[in-house]
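Student: Sharing a structure here in structure tokens format.
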Amino acid sequence: MDSMLLITFGAVCVLIVLSAFFAGSETALTAVSPGRMHQLEIDGSKAAACVNRLVARRERLIGALLLANTFINILASSLATSVLEDRYGHRAVVVVTLVMTVLVLIFAEVLPKTLAIARTDRFALAVARPLQVVVGLLGPVVGAVQKLVWAMLRLFGVGGENKGMVADEATDEIRGTVFLRHKQGSVERESRDMISGVLDLTELTVADVMTHRKSMMTIDIGQANAEIVRELMATRHARVPVWRDEPENVVGVLRTRNLVRAVLGNADAFKGLDIPALISPPWFVPETMKVEELLEAFRERRTHFALVVDEYGVIMGLVTREDVLDEVFGKIPDESAVRAPAGIQPQPDGSFLIDGTTPIRDLNRAMEWNLPDEEATTLAGLVIHEARAIPDVGQRFAFYGFKFEVARRQRNQITLLRVAAPEGAKDGAENTAPTGRA
């Protein structure tokens, strides 16, 4: 009898170890990073390749692990009950229930799952190959169980297995992971903004990143050569649109480099300078064009400059490759720029005087705010959108947790706003829906 008790005790211990193996494996393989495993597979890790194959059919994997773990736990309890029943009688059920609950909880659940969470990747790589064999053996049984489960779920109106994430869900997962790591301190703010900027390229249109026509620097080709050179040299731009007769009639783009070469190569300076011959044909793009498509078009056409038009062919602004790069890396100031964010002036009372033409995306990035930019591109545009009118100087509004006051208006354009941010806004706190207008 004692030998039978020892054999049963040894069998139960082996079963608990197997149960711990399957429980820990389930935790490790459901928490493992798909991105890291994919990179390890590219680097030549065969274990990572096994992990990826198992995770690719997650439902089949979980089903096999649950089947094996459930069978082992029930078998261990049954063996212990059958041996102890002769010694303790009807009380054996109570004794076995108490003892097995403690053993399974500590050694077959908490301990292996804690280890799997603490060493997720290493645990997953270690158990991947044995689990491939187990899942292969239990595959037919798991497949039958899956069909039965889905048949039962369809009775309650649940149908269609998850075939994987769509593009938007994958983007949200990447963005959420980056922001979470930033919050935990493992990703710098600049890196977070750059990754977020790359993800936003698929959603942004040319209208979101272009320089508006009111801020464009253009040159009248009908002027004297000396005046054209003077205006061009006064700018900091490498390319400037030129027009004839009226500003809407853009006839081309003049490159500063081409003009300098022509001047340096002309002995009579401006007398024989043929500026129209230096102009390159303009390239027009619609304002609804996606920034990702624009970047690809820049690459194909080997150009860095485009004029933006609306549906009626009216010029709305211009866009350059630098505008796109600014969306990813943030604005990179030149040597003459001030260090403070352009258009943002901190005030003694804690508010900010902000230029109305400041893009909302740049403002959010510089101030760690979360103002919405779906309906408007600039801060003034957001205020007009929420006010449903062009407000007068001195009018105040409150929405998204912020307080806005129109500080200056030029004709129909809001040129300066006083903004008071809510507490915690600089910490990236989420803003609420509009709270009303004053």
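The values are calculated or read from the model by the stated rules, or taken from the named source; none is laboratory data. All values derive from a computational prediction rather than experimental measurement. Every residue, glycine among them, receives a Cβ derived from its backbone with ideal geometry; neighbour counts consider all protein chains shown. Calculation scope for accessible area: heavy atoms of the full protein, side chains included, ligands and nucleic acids excluded. Shrake-Rupley method; radii C 1.70, N 1.55, O 1.52, S 1.80 Å.
Student: Looking at THR8 and the list (1) polar (S, T, N, Q); (2) closer than 13 Å to ALA108 by Cα; (3) surrounded by fewer than 19 Cβ atoms within 10 Å (Cβ to Cβ), which single condition is not satisfied?
Tutor: (2)
Student: Okay, moving on. When the residues of region 341-362 are narrowed to those that are touching a helix residue (DSSP H, G or I) at 6+ places or on another chain (Cβ under 9 Å) and of a type in the set (Asp, Glu), which ends up surrounded by the most Cβ atoms within 10 Å (Cβ to Cβ)? Full working, then the answer.
Tutor: Residues of region 341-362 that are touching a helix residue (DSSP H, G or I) at 6+ places or on another chain (Cβ under 9 Å), as a first pass: 341-344, 352, 354-362.
Filter once more, so that each one left must be of a type in the set (Asp, Glu): 355, 362.
Numbers: ASP355: 18, ASP362: 20.
Among those residues, the one meeting the criterion is ASP362.
Student: Pairs under 6 Å by beta carbon, first residue in a loop (DSSP other than H, G, I, E, B) in region 283-303, partner of a type in the set (Val, Ile, Thr) and modelled with pLDDT of 90 or more, six or more apart or different chains?
Tutor: As it stands, the answer is GLU287/VAL308, since those pairs meet every condition given.
Student: Filter region 368-411 down to the residues that are outside any loop (DSSP other than H, G, I, E, B), under 19 Å from ASP208 (Cα atoms) and either among the charged types (D, E, K, R) or touching a residue at least 40 places away in the same chain (Cβ under 8 Å) (or both) and list them by number. So that I can check it myself, show each step before the final result.
Tutor: Initially, region 368-411 is screened for residues outside any loop (DSSP other than H, G, I, E, B), giving 378-387, 396-399, 402-410.
If we keep only those that are under 19 Å from ASP208 (Cα atoms) as well, we get 378-386.
Result: LEU379, GLU386.
Student: Can LEU138 be described as open to solvent by less than 50 Å² (accessible area, probe 1.4 Å), part of a helix (DSSP H, G or I) and either on the phi < 0 side of the Ramachandran plot or touching a His at 6+ places or on another chain (Cβ under 6 Å) (or both)?
Tutor: Working: open to solvent by less than 50 Å² (accessible area, probe 1.4 Å): yes; part of a helix (DSSP H, G or I): yes; either on the phi < 0 side of the Ramachandran plot or touching a His at 6+ places or on another chain (Cβ under 6 Å) (or both): yes.
In short, yes.
Student: Just checking, how many residues over region 88-118 are in contact (Cβ under 8 Å) with a residue 40 or more places away in the chain and of a type in the set (Lys, Arg)?
Tutor: The total comes to 1.
Student: Also, I was wondering about something else. Out of the residues in region 29-76 that are charged (D, E, K, R) and under 26 Å from THR177 (Cβ atoms), state the one that is least open to solvent (accessible area, probe 1.4 Å).
Tutor: ARG60
Student: Follow-up. For region 381-406, give me each residue that is open to solvent by less than 10 Å² (accessible area, probe 1.4 Å) and among the hydrophobic types (A, V, I, L, M, F, W, C).
Tutor: The answer is LEU382, VAL383, PHE399, PHE402, PHE404, VAL406.
Student: Using beta carbons and a limit of 9 Å, which pairs, at least six apart or on different chains, have the first residue in region 22-45 and touching a residue at least 40 places away in the same chain (Cβ under 8 Å) and the second one basic (Lys, Arg) and open to solvent by 40 Å² or more (accessible area, probe 1.4 Å)?
Tutor: Pairs found: ALA23/LYS113; GLY24/LYS113; GLU26/LYS113; THR27/LYS113; ALA28/LYS113; ALA28/ARG119; ALA28/ARG122; LEU29/ARG58.
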